[in-house]
Every structure is written in structure tokens, then in C-alpha cells.
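Inspection log for the structure reproduced underneath, given as C-alpha cells.
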Amino acid sequence: MKRHFCEIAYGSPEYEKVFLLRNQILREPFGLDFRLEDLSWEASSHHYAVFQGNEAIACVIAIPERDHCYRIRQMATKKEIQGQGIGSKLMRKVESELAGKGGVKISLNARVTALGFYQSLGYHSVGDEFVEVTIPHQKMEKRLQ
């Protein structure tokens, strides 16, 4: 089945599918639930996803910050397809989209287990490791071309 990349609207039916994927991959394994968190910041964010048919299989959020910078959050890929390059393709497409919007830098808080993934995309570590949502993380950055 064909896969397609898209930017999705906050609150849309596609957003709901992505919300469920994010909750399943990023929160449920740790006994957490997005429905219990304040997600009001999402309304002003850019939501990107890869769909296979009508199913969300990968997603990420880009939050506009000062000076044409963006912060990446909530990167998730369906477990059954992790390691197949879908997440890398999604990130490259998002980087291109953000550069097209005038973006010059991306920052993110990567789970320590995902450092190699982001390093392979050209991100570098900044500062010390810290704990976020009960998991060790590392701040990373990348300048856009």
C-alpha cells in the first residue's frame, strides 16, 4: 500500500489518528496518557505524518520558536515498521518543509535510546543528559541549510 507524507491540521480526523499513535508509542508503555496532559500548545504547532492508506504510521510535531527556530516533539513510528527508514524520511521531509518556511535551526529532546537515529540525520548533542517523562534524554540541535 502506498505511503504519503502530509502536514495535518490540529483537531482534524487525521490529527486524531496521529494522537492515538503518539499515545500508543510514547506514553502507554510508561503508564502515562496524553489525555491527562496540557496539550494546548499543539494548536499553534505544525503536525506532520506519514500515512499508509488511512492509517498513521509515523508522526512528528514542529513548534515555532524565536528567530526562525523550531523545536521538534513527539516523534513516533509504529512499532512494526521501526528500522525501515520511515522515520528518517519523515524527518528529512520535515526539515525541508521548515527550511521552506524560513527555519534556520531545529532543536529537540531525544530519548537516549534514539541518539544514534538523530546523529545519523546530522543532529549534535548539547549540554548534559536529563530525565524527562521518566526517561533519560539529551538535547540535540541541527542547523538547516
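The values are calculated or read from the model by the stated rules, or taken from the named source; none is laboratory data. Nothing here was measured: the structure is a model prediction, and the numbers come from that model. Backbone-built Cβ (ideal geometry, glycine too); neighbour counts: all protein chains shown. Just the protein is used for accessible areas: all its heavy atoms, side chains included, with ligands, DNA and RNA removed. Shrake-Rupley method; radii C 1.70, N 1.55, O 1.52, S 1.80 Å.
Tabulated values for the structure
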| read-out | value |
| --- | --- |
| Which numbered condition GLN84 fails, given (1) modelled with pLDDT under 95; (2) part of a helix (DSSP H, G or I) | (2) |
| Number of positions in segment 52-69 that are farther than 16 Å from ILE25 by Cα and open to solvent by less than 20 Å² (accessible area, probe 1.4 Å) | 2 |
| Of all residues in segment 89-145 being open to solvent by less than 30 Å² (accessible area, probe 1.4 Å) and among the aromatic types (Phe, Trp, Tyr), the one that is nearest to the chain's Cα centre (by Cα) | TYR118 |
| Meets criteria (among the charged types (D, E, K, R), under 26 Å from GLU141 (Cα atoms) and touching a residue at least 24 places away in the same chain (Cβ under 8 Å)) for LYS79 | yes |
| Residue check for MET1: aliphatic (A, V, I, L, M), more than 16 Å from the chain's Cα centre (by Cα) and open to solvent by 10 Å² or more (accessible area, probe 1.4 Å) | yes |
| Sole residue being more than 23 Å from LEU115 (Cα to Cα) and among the basic types (Lys, Arg), chosen from ARG66, ARG27, ARG22, ARG73 | ARG66 |
| Verdict on ILE8 being touching a helix residue (DSSP H, G or I) at 6+ places or on another chain (Cβ under 6 Å) and either free of Cβ contacts under 8 Å to residues at least 60 places away in the same chain or within 15 Å of LYS142 (Cβ to Cβ) (or both) | yes |
